[in-house]
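The values are calculated or read from the model by the stated rules, or taken from the named source; none is laboratory data. None of these values were measured; they are calculated from a predicted model. Counting neighbours? That spans all protein chains shown, and the Cβs are built from the backbone with ideal geometry, glycine included. For the accessible areas, the whole protein counts, side chains as well, though only heavy atoms, and no ligand, DNA or RNA atoms are used. Shrake-Rupley method; radii C 1.70, N 1.55, O 1.52, S 1.80 Å.
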Amino acid sequence: MMHEQWLRKRAIIKSLAGGEFVSGEALAHELGISRAAISKHVASLEEFGVDIYSVKGKGYKLSTPLSLIDEQRLKAQIKGRCFYFNDINSTNAFLLNHVNELSSGDICVAEHQSAGRGRRGRTWVSPYGCHLYTSFYWQFSQGMSQAMGLSLVVGCSLVSVLRRLGVDGIGVKWPNDIYLNHKKLAGILIEMSGQADYECNLVIGIGINLSMSAAQADKIDQPWSDLSELSQQPDKTELMIALQQQLVSDLSLFESQGLKAFKQRWREADLFDGKVVKLLMGDNSVEGICCGIDEQGAILLDNGNGIKAYVGGEISMRPL
Ligand code: BTN
């Protein structure tokens, strides 16, 4: 789609950001286009997942508030390049396709993903403007064997950033989910290319739920949360800037000192620390008290006969 068409759509969203109904006529006047053109843009935004009420006689209204990235401000405030898109297939796919031209710290950010990827081959629902979709590039000197630990580092980075921006009730679930009030708020998908034990290209994809509409929520098959219920919402651009900076500093720390530098931060953020958990691994499962992580990033469970480390699986909380 032409850049100019996106500028109009963005202008419509900004006019509706106040949360009130705005008439088609007022929008048409403001943008200097016809009411019919406004109605086409609205219909197209709806195809990109924006939930807009349109009521005869009243006009248009966003069903949930949403904010868009301020591209200029973002680019001015990060070291490293930013590739910003209104629409892309997947920010992870974009960076993976350009690894040879990237430097550590470069990011890709999009307002909509047509083929957002989740872990385990799932799709990541990515309606326009509603959430934060970003990927971060890092050239990693230590090869893929360290990757398990990496996702835990990124979890710690996310927790630090969100807490610093005033979000309470944030925690991690091993190995890489971020929870708010015990429901999933953000996901991490790390993809790599390169040699197994030599320099490799890391693409760290992060999706953070900011403002979910009811229509989009129906497509999600697990309990979720977003930041819209908070009294004070972090600014989306601010969040992106803080996240990029935190990742640069945490990944450098991880490269120089390994996962041991994060052990304490992980335990403080771990929602399951000291709790009885059940770890599901294919058809098998084990139970034990969760006692943090080891230096490879494996989860440590105490089953009464000592502490054992596990690297695979999904945690599920054992019902009391
Ligand atoms: C998960 O399943 O928990 C991981 C979700 C990761 C989603 C993000 S959104 C930005 C980046 N681009 C993608 O295609 N996926 C990741």
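General observations
- Portion, in percent, of the accessible area of segment 2-62 that falls on carbon or sulfur, probe 1.4 Å: 52 percent
- Per-residue surface analysis assigns Asp273 an accessible area of about 50 Å², computed on protein heavy atoms at 1.4 Å probe radius.
- Phe21 accessible area, assembled protein chains, probe 1.4 Å, Å²: 70 Å²
- Euclidean distance of C-alpha centroids, segment 53-76 and segment 224-271, integer Å: 26 Å
- Note: relative contact order over the chain, using C-alpha pairs below 8 Å and six or more positions apart, is 14 percent.
- Once both labels are positioned 7 Å from their Cα atoms along Cα-to-Cβ, the gap between Glu30 and Ala17 label points is 1.0 nm.
- Net charge of Cβ neighbours under 13 Å - reference Thr64; Lys, Arg +1; Asp, Glu -1: -2
- Counting only alpha carbon atoms, the long axis of helix 3-16 and the longest principal axis of the chain meet at about 90°.
- Carbon plus sulfur fraction of accessible area for segment 273-319, probe 1.4 Å, in percent: 49 percent
- Geometric extent, Cα atoms of segment 273-319 - Rg, Dmax (angstrom): 9.7, 29
- Each helix, a run of at least 4 DSSP H residues, gives -39500 (n - 2.57); summed and divided by the residues of the chain, these come to -9500 deg cm²/dmol at 222 nm.
- A simple spin-label model places pseudo-atoms 7 Å from Cα toward Cβ; at Ser103 and Asn181 they are separated by 4.3 nm.
- In sequence order, calculated HN-Hα J values of segment 82-88 (Karplus, 6.51, -1.76, 1.60; Hz; x Gly/Pro): 10, 9, 10, 10, 6, 9, 8
- Anchor Lys61: lysines whose Cα lies under 17 Å away (excluding residues fewer than 8 positions away in-chain): Lys9, Lys14, Lys40
- Computed accessible area, Val42, all protein chains, 1.4 angstrom probe, square angstrom: 10 Å²
- Spin-label pair Leu68-Ile289: with each label point 7 Å from Cα along the Cα-Cβ axis, the two points sit 5.3 nm from one another.
- The count of lysine pairs in segment 225-320 that are at least 8 places apart or cross chains, and whose C-alpha atoms lie under 21 Å apart, stands at 5.
- Here r is the Cβ-Cβ distance between Ser145 and Ala215 and R0 is 41 Å; the resulting FRET efficiency, rounded to 0.05, is 0.45.
- Computed over protein heavy atoms with a 1.4 angstrom probe, the accessible surface ordering of His98, His29, largest first, is His29, His98.
- Average projected area [Cα convex hull, the chain], square nanometres: 17.9 nm²
- Computed over Cα pairs, the Kirkwood radius of segment 2-62 leads via Stokes-Einstein (0.692 mPa s, 37 °C) to a diffusion coefficient of 290 µm² per second.
- Of the listed residues Thr237, Thr123, the order by accessible area with a 1.4 Å probe, largest first, is Thr123, Thr237.
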